[in-house]
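Q: One structure, as structure tokens, below. Some questions next.
The values are calculated or read from the model by the stated rules, or taken from the named source; none is laboratory data. Predicted model only: the values in this text are computed from it and were never measured. Don't worry about glycine lacking a Cβ; one is built from the backbone with ideal geometry, like all the others, and counts go over all protein chains shown.
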Amino acid sequence: MPQINNTDASSQDHWLKKLLKSYRFSLYIGVIFMLLVLGIQVSTLLFSRTQVNKIVLDSANSIFGEFANTSRLELKLLEDPLEVAVQLLAPINDLAQASNFKKRMDYLGIFTSALSSSTEMASIYIGYSSGDFFLVRPIRGEQQQTHYQVPETTAFLIQSIEQGGKIKRWIAIDANLQILSERSPTDYIYDPRKRPWYQSAMETDTLIHTPPYIFSTTKTMGRTFAMRANGGNAVVGADLEMSELSQMLSQKVITPSAQLTIFNEEDGVIAFSDPKKLILKEGENKFTRSTLGQLSPSMAAVAANPDQFKDMQIVNIANEDWVIQTVKLQKSSGGDLLAIASPFNELMANANANERKLVAISILIILLSLPLIWWCARIIAGQLNNLSKQVLAVQRFDFKSEFVESSRVSEILELGQAIDQMKGTIQKFLEVSIALTSERNFNALIDRVLLEVCEAAGSDGGVIYLFDEDANQLRYVSQHWLDHGTLTSDIQPDLSFDDVSNLVIMAVKHSKEATLLRVDAPCPQGIGYIEERYGIASVEMLVIPLLGRSGSLVGVICACIAPGELSPSIERMAMVKAFSGAAAVSIDQQRLLESQKNLLTAFIGLVAGAIDAKSPYTGGHCQRVPEITEMLTRAAHDSDDAPFAEFELNNEEWEELRIASWLHDCGKVTTPEYVVDKATKLETIYDRIHEIRMRFEVLKRDAEITTLKTILAGGDTATLQEQLKNELKLIDEDFDFIAQCNIGGEFMSPEKVERLQKIAARTWLRTLDNRIGLSQEELRRIERDIAMPLPAQENLLADKLEHIIEREAKDHMAADNPWGFKLSVPEHLYNRGELHNLSIAKGTLTEEERYKVNDHIVQTIIMLSKLPFPGHLKNIVSLAGGHHEKMDGTGYPRRIKRDEMSIPARIMAIADIFEALTATDRPYKKGKTLSESIKIMGFMAKDGHIDLDLFKLFLQSKVYLTFAKKHLQAELIDEVDISQYL
């Protein structure tokens with residue numbers, strides 16, 4: 001056997017121990033990147049890149065400067081002819097004083113010569129202080145010929161305005177200044193005095209130029225040069241088209257994507273290398289100038305800060321580097337700037353090709369080094385992969401897997417342990433957060449918050465207070481201890497924020513973070529419960545403020561650390577902070593929801609109260625119906641008998657029912673009071689029976705006067721007096737009959753209607769104009785009839801056109817309406833005909849008025865359907881809007897049947913009917929006794945109008961009697977034999 005050298009074995013053990021020793025992960029990464037990046041590539045590539053960039057940028061700077069110089073010259077060549085022309089014409093006194101078209105035409109040759117000297121001059125003109133205007137423009141191309149409607153050989157167009165716009169001329173002339181056509185456009189409205197070029201020139205003696213703008217004719221960009229004429233009562237101006245300047249910029253090719261712009265910080269863009277982008281079309285024949293920022297992203301960077309690019313800058317735009325510089329163009333018209341921008345990679349095209357060769361060499365070296373990287377990666381790959389799986393598990397909210405401590409890299413060990421701790425913390429935090437946010441009971445939420453925060457702090461227990469902002473104090477709410485004990489001594493229900501001696505108050509005022517206090521016996525006032533639990537031992541107490549979303553104080557938790565226990569660690573304090581934050585938000589949210597519910601409840605009560613207050617005769621209907629509804633629903637909820645054994649409402653459904661019952665008549669706010677309260681047939685805003693009575697009084701006076709005249713004429717006094725007595729008696733009887741009909745207490749038989757018509761045929765004499773002293777609306781209605789000459793014979797009762805109130809389009813209900821209403825809509829909105837109303841067969845309401853009364857439920861549904869109720873209140877509309885439906889489908893407004901209605905909706909129908917029958921505050925009827933009301937409802941149940949099962953439950957549960965004893969007058973509460981209905 002071969003012999004083993006002990007020295008070699010010892011040396012091997014030594015090196016093995018060193019190899020197995022844990023090293024810092026940064027050491028592995030540092031060695032690899034030092035060998036591969038720093039040692040081989042960095043110095044060479046960085047040096048090469050820096051030098052190449054400098055050379056390219058210097059070259060670009062020279063090119064940019066050369067372009068700026070040529071642009072200055074070309075801009076000057078474009079503007080100089082206009083400046084010269086304006087400055088030559090302005091001093092001509094005769095032109096400035098030319099008071100008519102003929103005198104101004106003497107200078108036509110000068111105008112056309114100036115226009116011929118510059119192809120960019122769009123027009124030249126003079127505006128006078130009188131509002132006169134004389135303009136000559138060249139006609140270049142078919143587009144302008146078509147636009148101005150001039151002959152084909154037109155060279156120039158003269159546009160003249162005289163006498164404040166009264167005389168307008170458009171004269172087309174050829175190159176020899178011979179007139180080809182002349183017209184007077186009526187739509188040519190122009191006042192030079194209101195134009196910016198005129199107003200600016202009148203303020204100075206020097207030449208001015210306007211900011212660039214879009215010419216309305218050619219839709220090209222240009223600017224105006226103007227100068228006040230000699231004498232000061234006119235301004236000479238010329239328009240310059242800038243298209244040639246943009247074309248010049250487009251031909252200056254630095255790189256394929258280079259962009260050049262001439263702009264002015266005050267006036268905006270003047271020219272751009274891509275002329276198509278200068279003008280934006282916003283609509284039909286509506287164009288606007290592009291701003292510098294709208295031309296391109298590179299120009300947007302210049303627009304943001306022009307001064308930044310006085311020296312060449314490299315800016316990253318949309319992940320691409322651009323070289324940008326602005327150069328001032330020194331010229332007479334002011335501070336125009338030339339902005340030049342080019343993609344850096346295009347400037348660096350040749351340099352990049354050489355750089356790619358260097359990169360290829362570097363990649364080759366890196367590829368040769370891959371085996372070393374691979375060997376090193378193998379050592380740590382498994383450990384990193386394990387950590388990666390741990391993190392991915394956390395991402396999936398999988399907290400089951402654990403990290404195995406087998407790595408030789410200390411950072412990986414620490415990271416693995418931290419991940420395990422993080423998983424536990426996240427898992428606990430998620431569980432607590434879910435529990436807090438899902439808790440709907442406020443008291444249970446408070447107890448859970450106290451429990452979780454105390455556990456997070458490692459405390460023995462504690463007390464929680466909530467902040468009462470109105471009283472400016474902390475209000476005691478609950479306590480929790482590990483042994484489930486309860487302490488009572490010296491727990492003050494209120495800790496005033498003004499009490500500077502209280503340790504808890506001082507800690508909260510001092511810091512919004514958790515504060516660790518040491519409490520020694522005897523305990524200060526307000527926290528004596530510590531001494532009761534721990535005796536005279538010194539105790540640490542953690543005061544934890546609960547802060548809401550806005551940082552406002554929600555409450556305070558006082559967590560006690562039992563004697564001998566360690567103070568909370570940094571980690572525990574961090575967890576306490578997180579848990580208390582989540583707890584505060586949950587409490588704040590619950591209180592906010594509670595306040596919103598209270599606000600909604602108060603608002604609903606306000607609406608219901610307003611509806612009841614609208615009419616003094618329905619004072620408590622909207623308040624009494626919810627009471628009956630809740631009583632009967634509670635009876636159904638508590639019943640174990642069929643068909644209500646399975647009927648049960650949760651808290652949210654109870655809330656839904658309460659809101660629906662309070663709002664069931666909210667549509668009544670749209671119903672006119674006099675319709676709701678109509679107690680007699682002739683009543684509108686007032687009872688028209690008084691008008692009828694006065695007509696009868698007129699008849700009686702007329703009869704007396706006729707009799708007296710006949711006696712004076714020699715008639716037999718005794719006979720005439722007897723006839724008068726009989727006639728007055730007949731008149732009184734007829735009025736008494738009409739008055740009885742007006743009450744509407746009895747059915748109107750055909751005989752009664754016939755008698756009404758006979759009485760209505762009688763006439764009385766009207767001597768006063770019935771069309772004066774009226775409102776516009778009433779006058780409009782009365783004018784439908786032909787005016788009768790005075791004196792006029794009027795029927796004692798009449799149905800006139802003025803009595804008809806027409807139904808407008810908005811008052812019609814389409815058959816395919818979105819709410820499913822199935823209604824027969826009367827032709828008119830109201831029919832106030834006297835005979836028509838007195839002939840109402842039953843009750844006091846016409847068909848139109850009854851529709852208006854019933855319309856309140858339609859309006860209720862429409863109004864409520866527009867409200868954004870949350871999901872658990874989605875049935876409010878169907879509950880509130882179904883109390884006038886009938887079980888047989890003959891109700892309104894949807895004509896739905898029993899099976900289409902929920903039990904609460906059917907209950908509300910019974911509650912509404914019973915309250916209406918027993919109400920004593922209606923002007924058109926007396927309140928019925930219990931037995932009468934139940935009898936009527938019995939017929940309704942038998943006829944399929946109300947739910948029979950619920951009606952029986954209504955009787956068996958004594959809901960009717962309980963309500964009656966509370967709200968009905970004693971004389972209305974009589975005996976009811978309910979057996980006949982069961």
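Q: Do you know which of the residues in the stretch 291-344 that are crowded, with 19+ Cβ neighbours inside 10 Å and part of a loop (DSSP other than H, G, I, E, B) is modelled with the highest pLDDT?
A: SER296
Q: So the check is Cβ under 8 Å with 6+ separation or different chains; which pairs have a first residue in the stretch 960-982 that's among the small types (Gly, Ala, Ser) and a second one that's at pLDDT 80 or above?
A: Pairs that qualify, where the first residue is among the small types (Gly, Ala, Ser) and the partner is at pLDDT 80 or above, are ALA964/THR918; ALA964/LEU930; ALA964/LEU972; ALA964/ILE973.
Q: So, one more: Any idea which of (1) touching a helix residue (DSSP H, G or I) at 6+ places or on another chain (Cβ under 7 Å); (2) under 14 Å from LEU135 (Cβ atoms) is the one GLN159 doesn't satisfy?
A: All conditions are met except number (1).
Q: While we're looking at this one, here's another question. Would you mind stating whether ARG289 is under 37 Å from the mean Cα position of the chain (by Cα), touching a residue at least 40 places away in the same chain (Cβ under 8 Å) and under 28 Å from ARG137 (Cβ atoms)?
A: Yes: the conditions hold for ARG289.
Q: I'd like to know if the stretch 427-443 contains one or more residues that are assigned to a strand (DSSP E or B) and modelled with pLDDT of 65 or more.
A: No: the stretch 427-443 contains no residue that is assigned to a strand (DSSP E or B) and modelled with pLDDT of 65 or more.
Q: Residue check: is ARG922 more than 32 Å from the chain's Cα centre (by Cα), at pLDDT below 75, outside the structural domain of ILE804 (by TED's automatic domain parsing) and surrounded by fewer than 21 Cβ atoms within 10 Å (Cβ to Cβ)?
A: yes
Q: With the structure loaded, tell me whether GLY555 is modelled with pLDDT under 70 and over 30 Å from the mean Cα position of the chain (by Cα) or whether it fails that test.
A: no
Q: Among the residues in the stretch 868-876, are any over 24 Å from THR601 (Cα atoms) and under 35 Å from the mean Cα position of the chain (by Cα)?
A: no
Q: Give the number of residues within the stretch 178-198 that are surrounded by 13 or more Cβ atoms within 10 Å (Cβ to Cβ) and farther than 14 Å from ARG137 by Cβ.
A: The number of residues fulfilling the criteria is 10.
Q: So ASN230 passes all but one of these: (1) out of contact with any strand residue (DSSP E or B) (no Cβ under 7 Å at 6 or more places or on another chain); (2) of a type in the set (S, T, N, Q); (3) in a helix (DSSP H, G or I). Which condition number does it fail?
A: It is condition (3) that ASN230 fails.
Here's the yes/no breakdown for (1) closer than 21 Å to PHE225 by Cβ; (2) in contact with a Leu (Cβ under 8 Å, 6 or more places away or on another chain):
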position	(1), (2)
GLY127	yes, no
SER130	no, no
PHE134	yes, no
GLN143	no, no
GLN159	yes, yes
GLN163	no, no
ILE167	no, no
ALA175	no, no
ILE179	no, no
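Q: Sticking with this one: Just checking, which of GLU244, GLU282, GLU266 is farther than 30 Å from ASP132 by Cα, at pLDDT below 75 and in a strand (DSSP E or B)?
A: Among GLU244, GLU282, GLU266, only GLU282 is farther than 30 Å from ASP132 by Cα, at pLDDT below 75 and in a strand (DSSP E or B).
Q: Is it true that some residue in the stretch 847-867 is exposed (fewer than 14 other Cβ atoms within 10 Å of the Cβ) and either touching a His at 6+ places or on another chain (Cβ under 7 Å) or basic (Lys, Arg) (or both)?
A: yes
Q: For the stretch 741-752, how many residues meet the condition of being touching a helix residue (DSSP H, G or I) at 6+ places or on another chain (Cβ under 9 Å) and either of a type in the set (A, V, I, L, M) or within 17 Å of GLU691 (Cβ to Cβ) (or both)?
A: 3
Q: Would you check if there is a residue in the stretch 609-618 being in a helix (DSSP H, G or I) and at pLDDT 70 or above?
A: The answer is no, given that none of the residues of the stretch 609-618 is in a helix (DSSP H, G or I) and at pLDDT 70 or above.
Q: Tally up the residues in the stretch 292-329 that are more than 25 Å from MET221 (Cα to Cα) and free of Cβ contacts under 8 Å to residues at least 12 places away in the same chain, please.
A: Result for the stretch 292-329: 4.
Q: Counting only residues that are within 21 Å of TYR213 (Cα to Cα), give me the helices (runs of 4 or more DSSP H) lying completely in the stretch 77-194 with at least 2 of them.
A: Once the helices (runs of 4 or more DSSP H) in the stretch 77-194 are filtered for at least 2 residues that are within 21 Å of TYR213 (Cα to Cα), what remains is 142-148.
Q: Can you list residue pairs whose Cβ atoms sit under 7 Å apart, with the first residue in the stretch 867-887 being over 15 Å from HIS664 (Cα atoms) and the second being basic (Lys, Arg) and not in a helix (DSSP H, G or I)? Count only pairs 6 or more apart in sequence or on different chains.
A: Pairs that qualify, where the first residue is over 15 Å from HIS664 (Cα atoms) and the partner is basic (Lys, Arg) and not in a helix (DSSP H, G or I), are MET887/LYS897.
Q: Then there is this: State yes or no: is GLU162 in the same structural domain as ILE124 (by TED's automatic domain parsing), surrounded by 17 or more Cβ atoms within 10 Å (Cβ to Cβ) and of a type in the set (Asp, Glu)?
A: Considered against the rule, which asks whether it is in the same structural domain as ILE124 (by TED's automatic domain parsing), surrounded by 17 or more Cβ atoms within 10 Å (Cβ to Cβ) and of a type in the set (Asp, Glu), GLU162 comes out as yes.
Q: Restricting attention to the stretch 176-225, report how many residues are hydrophobic (A, V, I, L, M, F, W, C) and in contact with a Phe, Trp or Tyr (Cβ under 6 Å, 6 or more places away or on another chain).
A: 1
Q: Can you run down the residue pairs with Cβ atoms below 9 Å, 6 or more apart or on separate chains, where the first is in the stretch 781-793 and under 22 Å from ARG762 (Cβ atoms) and the partner is surrounded by 11 or more Cβ atoms within 10 Å (Cβ to Cβ) and of a type in the set (Ser, Thr, Tyr)?
A: GLN793/THR763
Q: Does SER257 satisfy the condition of being in a loop (DSSP other than H, G, I, E, B) and hydroxyl-bearing (Ser, Thr, Tyr)?
A: yes
Q: If a residue has to be closer than 20 Å to MET694 by Cα and either modelled with pLDDT of 85 or more or surrounded by 14 or more Cβ atoms within 10 Å (Cβ to Cβ) (or both) to count, how many in the stretch 764-794 make the cut?
A: Of the residues in the stretch 764-794, 9 are closer than 20 Å to MET694 by Cα and either modelled with pLDDT of 85 or more or surrounded by 14 or more Cβ atoms within 10 Å (Cβ to Cβ) (or both).
Q: Hey, another quick one. Report every pair of residues separated by at least 6 positions or lying on different chains whose Cβ atoms are under 8 Å apart, first residue within the stretch 745-761 and in the same structural domain as PHE696 (by TED's automatic domain parsing), second of a type in the set (S, T, N, Q) and surrounded by 15 or more Cβ atoms within 10 Å (Cβ to Cβ).
A: So the pair list comes out as MET748/SER839; VAL753/SER839; LEU756/SER839; ALA760/ASN795; ALA761/ASN795.
Q: Moving to a separate point now. Can you tell me how many residues in the stretch 708-740 are under 60 Å from the mean Cα position of the chain (by Cα) and loosely packed, with under 15 Cβ neighbours inside 10 Å?
A: 1
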